[in-house]
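The values are calculated or read from the model by the stated rules, or taken from the named source; none is laboratory data. Just so it is clear, the structure is predicted and the values come from calculations on it, not from any experiment. A quick note on method: Cβ atoms are made from the backbone with ideal geometry, for glycine too, and the neighbour counts reach across all protein chains shown. What goes into the accessible areas is simple: the full protein's heavy atoms, side chains included, and nothing from ligands, DNA or RNA. Shrake-Rupley method; radii C 1.70, N 1.55, O 1.52, S 1.80 Å.
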Amino acid sequence: MSATPAPSGPVQLLVLPGDGIGPEITAATRGVLDAVGAALGIGFAYETAEIGFASLARNKTTITDAVVERAKTVDGVILGPVSHNDYPPVAEGGLNPSGQLRKRLDLFANIRPAKSHPGFPPRCGRPVDLVVVRENTEGFYADRSMHVGPGEFMPTEDVALAIRKITRKGSLRIAEEAFRLAMARRRKVTAIHKANVLRVSDGLFLECVRQVAARYPEVEYDEKIIDAMAALLVRDASVFDVILATNMYGDILSDEATEISGSIGLAASINAGTDYALAQAQHGSAPDIAGKDKANPSSLIGSVAMLFVWMAERRGDPRLADAARLIEDALASVIAVPEFRTRDMGGPLGTKAFGERVANAITEAAAARP
């Protein structure tokens, strides 16, 4: 994903299908991309690479260095879900592909919107439109908190310890991303913390966020303790705009928010840094329904739309921003019709048929344009 790609020529996409339902939802997503490419005259050049169990069987590792290096040279990456909790130990090749890409490409911002859809009411009773901005490269996550070795260990057989890493650099740049995003939305940022207990690490995080907030007087800023915030989302998620959080807090709250807004199956997500970005479904690999044509591909489809917005800014190609709008509008129009929904949303369709519906909606919308 070159930081200064050429504004013309085909858009190069690295597709990493992953585990479980990953191959099915990435196939459905490619069908949608083919439709939007045909509608807008955008050429997509796909390259598929193995990660996860397929890579482990062939390469003795769940993600190779070659895949990571290739991700740095294309315009964008589409990452399917992975079953990393079922992988063998790291010493036996069981790396988390998602964590490796986030760390090695410095994808510090995980942007996770939670938005309700017409005809598919949110669980809190009011329309929801918020975004969780999650720091992605540090925190309590053991695979990205140390330079060498894992961030959790056992000094004795009866004691387990975990390291939480919070840095000034990481906190300042994720705060900057949150406030930049808020300026394009409803201009409100809520920072999440547990500084009443984690006084040093969350204290540093809040110090940095307040420093950035001072440069954005147009943005309303407040702070919530993590446990209170979990309850406030249940009470009424509609009052929140941009929620800024460290890694683990953001991971938990974004799943809660997307389920409240409708379904985690609709939860789009992008992992972005200064130079690189990848689209990733917010949900897991759901191995229990893998290969059964039951998975909802909406999350990955919506994630690619987010990726296109990021790419449009860097390629200087307004067609990609237009493609994102077409995809998002098509998704919304299909979800609004009960008989077009997948089973997890109470509808009758499978993965392939749902993807085809979204692709057809894009074709029809483009044809109806003046």
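Each residue in segment 258-281 was checked for being assigned to a loop (DSSP other than H, G, I, E, B) and of a type outside the set (A, V, I, L, M, F, W, C), and 7 of them qualify.
Restricted to segment 220-239, and to residues there that are of a type outside the set (A, V, I, L, M, F, W, C) and touching a strand residue (DSSP E or B) at 6+ places or on another chain (Cβ under 6 Å), the residue that is most open to solvent (accessible area, probe 1.4 Å) is GLU220. Restricted to segment 244-259, and to residues there that are over 18 Å from LEU198 (Cβ atoms) and open to solvent by less than 20 Å² (accessible area, probe 1.4 Å), the residue that is farthest from the chain's Cα centre (by Cα) is ALA257.
Candidates are the residues of segment 86-117 that are open to solvent by 40 Å² or more (accessible area, probe 1.4 Å) and basic (Lys, Arg); the one that is farthest from ASN247 (Cα to Cα) is LYS115.
Among the residues of segment 282-292, those identified as assigned to a loop (DSSP other than H, G, I, E, B) and either β-branched (Val, Ile, Thr) or open to solvent by 60 Å² or more (accessible area, probe 1.4 Å) (or both) are GLY291, LYS292. Could you run through segment 343-370 and say how many residues are closer than 25 Å to LEU278 by Cα and buried (at least 19 other Cβ atoms within 10 Å of the Cβ)? Final tally of qualifying residues: 8.
Here CYS124 meets each of (1) part of a loop (DSSP other than H, G, I, E, B); (2) crowded, with 21+ Cβ neighbours inside 10 Å; (3) of a type in the set (A, V, I, L, M, F, W, C) with one exception, condition (2). Out of all the residues in segment 191-200, is one or more in contact (Cβ under 8 Å) with a residue 60 or more places away in the chain and touching a Phe, Trp or Tyr at 6+ places or on another chain (Cβ under 7 Å)? The answer is yes, given that some residue of segment 191-200 is in contact (Cβ under 8 Å) with a residue 60 or more places away in the chain and touching a Phe, Trp or Tyr at 6+ places or on another chain (Cβ under 7 Å).
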